[in-house]
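Read the figures in this text as sums done on the coordinates, not as results from a lab. Computed from a predicted structure; not experimentally measured. For neighbour counting, all protein chains shown are included, and Cβ atoms are generated from backbone atoms with ideal geometry for every residue, glycine included.
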Amino acid sequence: MTEIQPSRNFQNTIPFLLIGLGLALIAASAFYLYRNIPPRADLTVVPAAVNYPAPELTLTDAEGASHSLAEYRGQVILVNLWATWCQPCKEEMPALQAYYEKRRDDGFTIIAVNDGDPTEDVLQFVKDFELTFPVWLDPTYIATEQAFKTLGLPSSYVIDRNGTVRLQWLGGIEKRALEKYVTPIIAEE
């Protein structure tokens, strides 16, 4: 009897067929296991609830006029510490501007405190982002180092109508977070 031997080409393709079949089984298993996993959780930066008196803070705007937080007593204030070189600061500015436009008639304001950039750079930034809320200059880092004692940018603090800091954010803010956390403070009378 003559023994039939498989061709050499077929023997060489068997390992590749097994690897392909194994990869197809892995892909099918992964699809089956992961198809019902909900979308990724919301990674929005959440503010910390705090309760302390707003610091005394007096700075100047780009025109040299002096302003203090005390002038805004009776309003809800979001103090935003930022710099022109800070990427998360740039990313949050459109949301801050949109929220300000929506809520400024409700007794809300944003005071953007620039952290040490040259005045010309700040003015260009304000122009580029079409900012209409007050922008103060802090060339000696009074707001970050003394008033709010932070080194991270951006940092934001929400002060209620009575002058109490109620929320603090470390990191960029999204519009939905403003709606969720700041709007209820604005609604308080």
VAL182 long-range amide H proximity, modeled H, under 5 Å: none
Ranked ARG166, ARG103, criterion: other C-beta atoms within 10 Å, fewest first: ARG103, ARG166
Centre separation in Å (Cα based) which lies between the stretch 66-114 and the stretch 153-167: 10 Å
Per-residue Cβ neighbour rank within 10 angstrom, fewest leading, TRP85, TRP169: TRP85, TRP169
Per-residue Cβ neighbour rank within 10 angstrom, fewest leading, PHE16, PHE129, PHE148: PHE16, PHE129, PHE148
